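Everything on this sheet refers to the single structure shown next.
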Amino acid sequence: MVIFVVTREGFIELESVVSTGLYPVWVGAGVLSSEETNSLRSRNVDLTDFTYEIDPGNKQDLDYALSTISEHHPGERVWVECQPKI
């Protein structure tokens with residue numbers, strides 16, 4: 001399982017799961033501070049941060065990011081934070 005977090009709020013909700021280090025985590029740019037990123041990595045969290053922000057309400061942004069994640073984690077389930085527009 002891979003966790004894909006795109007907002008600060010999403011990270012806060014999943015922080016206890018992310019901090020376990022059991023799952024690879026991908027985050028959008030600006031979600032974490034440099035200090036948070038370094039702290040998680042120092043605790044052996046497999047963390048990858050995108051170089052661009054991802055709009056959780058934009059399907060194109062999500063699809064593009066998911067494609068990238070899938071290239072690095074083929075065949076794995078990806079849990080995605082999104083805010084679908086109704």
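Data for the structure
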read-out: One residue from Ile54, Ile69 being surrounded by 17 or more Cβ atoms within 10 Å (Cβ to Cβ), out of contact with any strand residue (DSSP E or B) (no Cβ under 6 Å at 6 or more places or on another chain) and of a type in the set (Val, Ile, Thr); value: Ile54
read-out: Segment 8-27 residues that are within 23 Å of Ser67 (Cα to Cα), paired with ones that are part of a helix (DSSP H, G or I) (beta carbon under 6 Å, 6 or more apart); value: Val25/Val18; Trp26/Ile69
read-out: When residues of segment 15-51 are limited to those that are surrounded by fewer than 17 Cβ atoms within 10 Å (Cβ to Cβ) and among the hydrophobic types (A, V, I, L, M, F, W, C), the one nearest to the chain's Cα centre (by Cα); value: Ala29
read-out: Yes/no for Phe4 being surrounded by 16 or more Cβ atoms within 10 Å (Cβ to Cβ), touching a residue at least 40 places away in the same chain (Cβ under 8 Å) and aromatic (Phe, Trp, Tyr); value: yes
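Every number in this text was worked out from the coordinates using simple rules, so none of it is lab data. Because the structure is a prediction, the values reported are computed rather than measured. Don't worry about glycine lacking a Cβ; one is built from the backbone with ideal geometry, like all the others, and counts go over all protein chains shown.
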